[in-house]
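Trainee: Next up is a structure, given as structure tokens.
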Ligand code: HEM
């Protein structure tokens with residue numbers, strides 16, 4: 001070996017050594033910064049209780065523990081130091097985060113990293129210009145009359161041909177129970193797939209089949225949500241790097257979702273999209289982009305947004321209805337007045353006349369919001385209206401579940417299910433969205449809110465008018481399964497009877 005060769009080899013070994021040493025030291029340094037930020041040693045009662053799970057001795061769900069802490073906080077705001085998380089139930093703070101100082105509170109990198117593999121650059125996971133662009137385009141599409149009547153057509157068809165027949169089978173076969181949560185998840189998956197892709201996955205047909213797309217999508221969203229629960233993001237990032245355990249399963253399920261959605265986009269390009277009303281076709285028509293991956297990301301966000309939220313909201317509604325027969329009776333009086341006696345489903349115009357049903361739906365989501373909490377990350381140091389200091393880079397969470405249970409916001413009867421609180425002279429009157437951020441509020445308010453409410457009203461109208469839907473164990477403790485959307489552990493076992501007619505309320 002010549003002198004030059006040996007010099008070159010020594011230099012390259014030295015460079016590699018320096019590079020790896022630097023990377024190693026930098027990783028250790030980042031880890032120390034991360035640890036110092038999250039204060040894993042914090043000894044305050046709240047953090048101790050969080051870390052040791054001591055809270056579970058007194059509360060069934062973590063959200064109930066947070067609710068208790070927030071109810072007892074003077075400002076309605078608490079800190080979980082070990083998570084560097086400020087949690088608030090104070091409507092003024094919520095308005096500040098979601099509207100007044102919106103630019104300081106994006107979803108942030110930690111959130112987009114968690115959902116990034118599944119949602120890519122889709123609206124649910126985007127910030128800045130990419131979010132603005134998709135928001136503008138999606139608001140235009142979702143606001144159009146054509147897409148609204150298309151959505152109503154799909155929902156009515158699914159109720160008539162699938163939901164009602166499946167629920168009705170339980171009347172004859174009353175020995176067994178139906179899991180209403182499972183049925184509603186299948187129902188909403190069929191609807192959101194037809195609406196987003198123009199594809200019918202047929203999840204709610206009598207054999208209750210397993211759909212590859214639904215299963216892969218469920219697993220992918222569950223495993224993505226579990227990333228948020230690991231003690232440090234480094235753990236799931238390492239697992240992802242080595243492609244092991246839950247990260248391996250996540251990668252596989254995302255691949256199934258991506259392959260199926262890519263295939264749909266390819267087919268749509270071949271057969272044309274001009275005369276179709278589903279979101280994918282409309283975006284393909286208006287966007288004029290050839291980036292199929294971007295198109296896929298945009299539409300997959302809608303699957304996530306519109307799937308479990310509606311099923312969760314309706315499950316919570318039927319739980320509350322089963323404990324409040326007086327509300328059921330009043331709903332029926334309204335439905336009998338507004339709906340056509342010979343038709344099973346309500347028309348769009350009829351849903352607009354249902355003030356009491358609308359109030360009952362809003363009231364049920366006050367107590368059981370499908371998205372129980374939502375977090376943002378502060379870009380700069382800030383002070384919230386209640387005086388709370390928010391450090392740059394830390395997490396800030398608003399908590400609709402706790403907010404629905406605050407006496408300060410809803411009065412001493414806040415735990416009661418009372419649709420009347422939403423009515424004035426029999427007319428539904430919405431509340432301040434920062435007191436009720438069930439659909440978020442401010443600049444990033446849910447884009448599917450109106451569609452969701454109409455879909456829910458249609459289901460309630462069809463089921464409550466015709467059937468007595470009875471929850472099998474109405475007084476069972478409510479337990480939530482961890483995930484992005486509130487899911488009731490153990491499902492919702494019900495029995496169904498033909499409606500008994502109430503003589504008088
Ligand atoms: C009861 C049903 C629903 C509830 C409670 C709900 C609630 C929410 C909430 C809390 C957010 C904010 C999430 C976040 O930023 O992290 C959101 C965003 C969004 N929702 Fe909904 N949603 C529902 C149904 C739907 C449906 C059916 C669709 C679509 C057809 C939809 C489309 C969206 C979209 C696109 C966003 C993102 C908006 C943005 O980031 O600018 N949602 N929704």
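Trainee: It is to be established whether one or more residues within region 327-345 are within 13 Å of residue 456 (Cα to Cα) and surrounded by 20 or more Cβ atoms within 10 Å (Cβ to Cβ).
Mentor: Looking through region 327-345, at least one residue is within 13 Å of residue 456 (Cα to Cα) and surrounded by 20 or more Cβ atoms within 10 Å (Cβ to Cβ).
Trainee: Just to confirm my filter: which helices (runs of 4 or more DSSP H) fall fully inside region 155-242 and include at least 3 residues that are crowded, with 20+ Cβ neighbours inside 10 Å?
Mentor: Numbers: elements: 164-172, 180-197, 212-227, 233-242.
It comes to 180-197, 212-227.
Trainee: Give me the pairs, please: first residue somewhere in region 437-451 and more than 6 Å from the ligand (Cβ to nearest atom), second residue anywhere and in a loop (DSSP other than H, G, I, E, B), beta-carbon distance under 6 Å, and either six or more positions apart or on two chains.
Mentor: 441/433; 441/434; 445/439; 449/439
Trainee: State all residues of region 105-123 that are at pLDDT below 95 and in a loop (DSSP other than H, G, I, E, B); if no residue qualifies, say none.
Mentor: Scanning region 105-123 gives 107, 120, 121, 122.
Trainee: Taking the conditions exactly as written (closer than 24 Å to residue 455 by Cβ, surrounded by fewer than 22 Cβ atoms within 10 Å (Cβ to Cβ) and at pLDDT below 90), does residue 146 satisfy them or not?
Mentor: Yes, satisfied.
Residues checked against (1) within 16 Å of the ligand (Cβ to nearest atom); (2) in contact with a strand residue (DSSP E or B) (Cβ under 8 Å, 6 or more places away or on another chain); (3) closer than 25 Å to residue 136 by Cα; (4) without any contact (Cβ under 8 Å) to a residue 40 or more places away in the chain:
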| residue | (1), (2), (3), (4) |
| --- | --- |
| 317 | yes, no, no, no |
| 330 | no, no, no, no |
| 336 | no, no, no, no |
| 343 | no, no, no, yes |
| 353 | no, no, no, yes |
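Trainee: Would you mind telling me which numbered condition in (1) assigned to a helix (DSSP H, G or I); (2) more than 16 Å from the ligand (Cβ to nearest atom); (3) within 25 Å of residue 152 (Cβ to Cβ) residue 254 fails?
Mentor: Result: residue 254 passes all but (3).
Trainee: When region 265-288 is examined, which residues are found to be in contact with a helix residue (DSSP H, G or I) (Cβ under 7 Å, 6 or more places away or on another chain) and farther than 23 Å from residue 149 by Cα?
Mentor: The one that is in contact with a helix residue (DSSP H, G or I) (Cβ under 7 Å, 6 or more places away or on another chain) and farther than 23 Å from residue 149 by Cα: 265.
Trainee: Which count do you get for residues in region 158-189 that are more than 19 Å from residue 345 (Cβ to Cβ) and in contact with a strand residue (DSSP E or B) (Cβ under 8 Å, 6 or more places away or on another chain)?
Mentor: 6
Trainee: Additional query: Against the definition (surrounded by 15 or more Cβ atoms within 10 Å (Cβ to Cβ), more than 21 Å from the chain's Cα centre (by Cα) and away from the ligand (no atom under 16 Å from the Cβ)), how does residue 247 come out, yes or no?
Mentor: yes
Trainee: Can you pull out every residue in region 253-273 that is at pLDDT 90 or above and either in contact with a strand residue (DSSP E or B) (Cβ under 8 Å, 6 or more places away or on another chain) or loosely packed, with under 14 Cβ neighbours inside 10 Å (or both)?
Mentor: Matches in region 253-273: 255, 259.
Trainee: Here is a list: 371, 319, 298. Which entry is at pLDDT 95 or above and part of a helix (DSSP H, G or I)? Let's see the steps before the verdict.
Mentor: Details: 371 fails: part of a helix (DSSP H, G or I); 298 fails: at pLDDT 95 or above.
Only one candidate qualifies: 319.
Trainee: Another one. Looking at 428, 434, can you tell me which residue is more than 14 Å from the ligand (Cβ to nearest atom) and either under 28 Å from residue 301 (Cβ atoms) or over 17 Å from the mean Cα position of the chain (by Cα) (or both)?
Mentor: The match here is 428.
Trainee: Can you name every residue in region 82-104 that is under 30 Å from residue 52 (Cβ atoms) and either at pLDDT below 90 or not in a helix (DSSP H, G or I) (or both)?
Mentor: Listed by number, the residues that qualify are 82, 83, 84, 85, 86, 87, 88, 89, 90.
Trainee: Filter region 360-386 for residues that are more than 9 Å from the ligand (Cβ to nearest atom) and over 30 Å from residue 327 (Cα atoms) and give the result. Lay out the reasoning, then the answer.
Mentor: In the first step, residues of region 360-386 are kept if they are more than 9 Å from the ligand (Cβ to nearest atom); the result is 360, 362-364, 366-368, 372-373, 377-386.
Passing the criteria: 377, 378, 379, 380, 381, 382, 383, 384, 385, 386.
Trainee: Then there is this: If you go through region 301-315, how many residues are within 10 Å of the ligand (Cβ to nearest atom) and modelled with pLDDT of 95 or more? Let's see the steps before the verdict.
Mentor: Taking region 301-315 first, the residues within 10 Å of the ligand (Cβ to nearest atom) are 301-314.
Okay, now just the ones that are also modelled with pLDDT of 95 or more, so 309-314.
Number of matching residues: 6.
Trainee: Of all residues in region 126-160, which are under 22 Å from residue 261 (Cβ atoms) and within 9 Å of the ligand (Cβ to nearest atom)?
Mentor: Answer for region 126-160, where residues must be under 22 Å from residue 261 (Cβ atoms) and within 9 Å of the ligand (Cβ to nearest atom): 126, 131, 134, 135, 138, 142, 151.
Trainee: Search region 370-386 for residues that are without any contact (Cβ under 8 Å) to a residue 12 or more places away in the chain and pair each with any residue that is part of a loop (DSSP other than H, G, I, E, B) when their beta-carbon atoms are under 9 Å apart and the residues are at least 6 apart or on different chains.
Mentor: Matching pairs, first to second residue: 381/391; 381/392.
The values are calculated or read from the model by the stated rules, or taken from the named source; none is laboratory data. Bear in mind that the values here come from a model prediction, so they are computed numbers and not experimental data. Here Cβ is always computed from backbone atoms with ideal geometry, including for glycine, and neighbour counts include all displayed protein chains.
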